[in-house]
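Student: Below: one structure in structure tokens.
Please treat every number below as a calculation from the coordinates, not as lab data. Keep in mind that this is a model prediction, so the values were computed, not measured. Here Cβ is always computed from backbone atoms with ideal geometry, including for glycine, and neighbour counts include all displayed protein chains.
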Amino acid sequence: MSGLAEILISKGYTVSGSDINHSDSVKYLQSLGLKFYNGHFAENIDGADTVVYTAAVSEENPELKAARAAGARVIPRSVLLGEIMAHYKYSVAVAGTHGKTTTTSMISYIFEKLGFDPTILVGARLDIIDSNMKLGKSDYFIAEACEYHRSFLDFKPYCETILNVEPDHLDYYKDADDYHSAYTEFLKRVSKDGFTVVCADDADLMKMVENFNGSVITYGISNKTARIQAKNISATEKTSSYDLYIDGAFICKVELSVFGKHNIENSLAALANAYMFGFDLEKSARALAGFKGADRRFEYKGTFAGASVYDDYAHHPTEIRATLESALMMPHNNIICVFQPHTYSRTKIFLDEFAHSFKGTTKLILAPIYAAREAFDPSISSADVCALAIKDGIDAVCIDDFDEIARYVKSLAKEGDVILVIGAGDIVKLTDKILG
């Protein structure tokens, strides 16, 4: 929302907004001319022609109710984003259950380093632009495409990248088939002059594109039919490298400053975009070498008592496993993991998978579930995850208070340990408490 607000302000619109927190993003927008309201009240929308809301906003929100009653145009964030994207000749939409932010960031890195001056809208701060948003002057627009509430169906991008289609958001989607149907529809949104980049290692995704008539390019590691492949992969605890092949021909060596199989796949998706746009692939690969990762994606935060502290946004079992696999590649003594489940519905639906996601963890600490957009559900809690994790052989404990969690983690931390703080909610506050 902050990025969209900045774009609109830059184009001369009068923009106001409200939030329960007066964040640094809000302060920056205020410096540009945003009128900010602290808290949600009906009178905040007085005089507004259009009111934009996110999926996290309840229909009972007083501003939303007042806007509808006043006859203002009321649209979800995705509609506004789609309308803005339509003004750019080459809009790049990145979708998938996992990896959207990192891949969008990698694509943006290539465009920026090669001097194409794109407009960028990404889900985390990107160091090369020192923001989650950049207003460029070219015809290129690069953005994430979220599938929640079928939001990405409001876009008509020039090109699409689909990373994976593992079912998620089952509080909204009825089942896996319903989830996949949204991606099938998303495929149809791509421009007839554009292209779609898909991961050949995802079997469900490959089935979806079998009957798709548009231009498709595949990438992958394990599926040898992929047109773009990583071969001769090597990795250290902090870097990865591989040989890039396209249609069986060696192109160049790729050196990454991030590690893990998932980041190699993300980089292949980014390079597939560069290839389809006709960019120099050796220059594109060199651009990626400087990418250090997006905020809250296995982000190094500091050291306490000789233990390295990392922050990660993972909130799905597959993402947690990928984060832990990365941690296990590093030299370490113990791995201390703090996890905050995100939403009651996701915790309930993936309960068994969550409990089995922490293999390799020396100590697991579970914070209370972060409700986000949901009402309290007494039928599920972090204690349920904890009990199953213990049954799975993990040394796990539940602690309800962040200050108490920080004290406990500090009491455990020793030289050479890795401390992981994982979750998509307000668990982000914990790293400062541990390091403070």
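Student: Report the Cα centroid-to-centroid distance between the range 299-321 and the range 277-296 in angstrom, as an integer.
Tutor: Using only Cα atoms to place each centre, the spacing works out to 23 Å.
Student: Place the peptides 324-332, 389-397 in order of packing, highest mean first, counting for every residue the other Cβ atoms within 10 Å and averaging per peptide. Display every interim value, and only then the final one.
Tutor: Numbers: 324-332: 17.1, 389-397: 15.6.
With the highest mean Cβ count within 10 Å placed first, the list reads 324-332, 389-397.
Student: Apply the Karplus parameterisation 6.51 cos²θ - 1.76 cosθ + 1.60, with θ equal to phi minus 60°, to every residue of the range 408-423 and state each ³J(HN,Hα) to the nearest whole Hz, in sequence, with x for glycine and proline.
Tutor: So the Karplus estimates, Gly and Pro as x, are 5, 4, 4, 5, 8, 4, 9, 3, x, 7, 10, 10, 10, 10, 10, x Hz.
Student: Still on this structure, please answer the following. Starting from the Cα of Lys188, draw a straight line to each of the lysines and keep only those under 16 Å, dropping any in the same chain fewer than 8 residues away.
Tutor: Excluding near neighbours in sequence, the set is Lys156, Lys207.
Student: Would you please give the residues with an amide H less than 5 Å from that of Ile142, counting only those at least 5 places away or on a separate chain, with H modeled from the backbone geometry?
Tutor: For Ile142, the qualifying residues are Val92, Thr119, Ile120, Leu121.
Student: Right, next: Which trypsin sites (Lys or Arg not before Pro) in the range 55-103 pass both tests, a DSSP loop state and at most 15 other beta-carbon atoms within 10 Å?
Tutor: Lys89
Student: Whose amide H sits under 5 Å from the amide H of Ile251, counting only residues 5 or more places off or on another chain, with H placed in the peptide plane?
Tutor: Under 5 Å from the amide H of Ile251: Leu244, Tyr245, Ile246.
Student: Whole-Hz ³J(HN,Hα) for each residue in the range 98-110, computed from phi via Karplus 6.51 cos²θ - 1.76 cosθ + 1.60 with θ = phi - 60°, x for glycine and proline: what do you get?
Tutor: Using θ = phi - 60°, the values come out as 10, x, 4, 5, 5, 5, 4, 5, 5, 4, 4, 4, 4 Hz.
Student: Tell me which GluC sites (Glu not before Pro) from the range 1-106 have a DSSP coil assignment and no more than 11 other beta carbons within 10 Å of their own.
Tutor: Of the GluC sites (Glu not before Pro), the ones in loops of the range 1-106 whose Cβ has at most 11 other Cβ atoms within 10 Å are Glu59, Glu60.
Student: With θ taken as phi - 60° and the coefficients 6.51, -1.76 and 1.60, list the Karplus ³J(HN,Hα) couplings across the range 368-379 in order, rounded to whole Hz; mark glycine and proline as x.
Tutor: x, 4, 8, 6, 6, 7, 9, 7, 4, 10, x, 7
Student: Sticking with this structure for a sec: Order by neighbour count: Phe141, Phe250, fewest other Cβ atoms within 10 Å first, most last.
Tutor: Phe250, Phe141
Student: Output the relative contact order of the range 2-74, whole-number percent, from Cα pairs under 8 angstrom with separation of 6+ residues.
Tutor: 26 percent
Student: On average over all directions, what projected area in square nanometres does the range 299-435 have, based on the convex hull of its Cα atoms? If you can, show how the numbers build up before the last one.
Tutor: On the way: hull surface 28.6 nm².
Projected area, direction-averaged: 7.2 nm².
Student: If amide H atoms are built 1.01 Å from N in the plane of the peptide, which residues on other chains or at least 5 residues away come under 5 Å of the amide H of Val258?
Tutor: Ser240
Student: Another one. Express in whole angstrom the spacing between the alpha-carbon centres of the range 187-223 and the range 360-436.
Tutor: Measuring centre to centre over Cα atoms gives 38 Å.
Student: Per DSSP helix of 4 or more residues, -39500 (n - 2.57); summed, then divided by the residues of the chain. What does that give at 222 nm, rounded to the nearest 500?
Tutor: So the calculated ellipticity at 222 nm is -9500 deg cm²/dmol.
Student: So, R0 is 25 Å and r is the distance between the beta-carbons of Ser138 and Ile9; what FRET efficiency does that work out to, to 0.05?
Tutor: With R0 = 25 Å, the Cβ-Cβ based efficiency is 0.80.
Student: Another one. What is the sum of charges around Glu59, taking Lys and Arg as +1, Asp and Glu as -1, for the other residues whose C-beta is under 14 Å from the C-beta of Glu59?
Tutor: For residues surrounding Glu59, the net value is 0.
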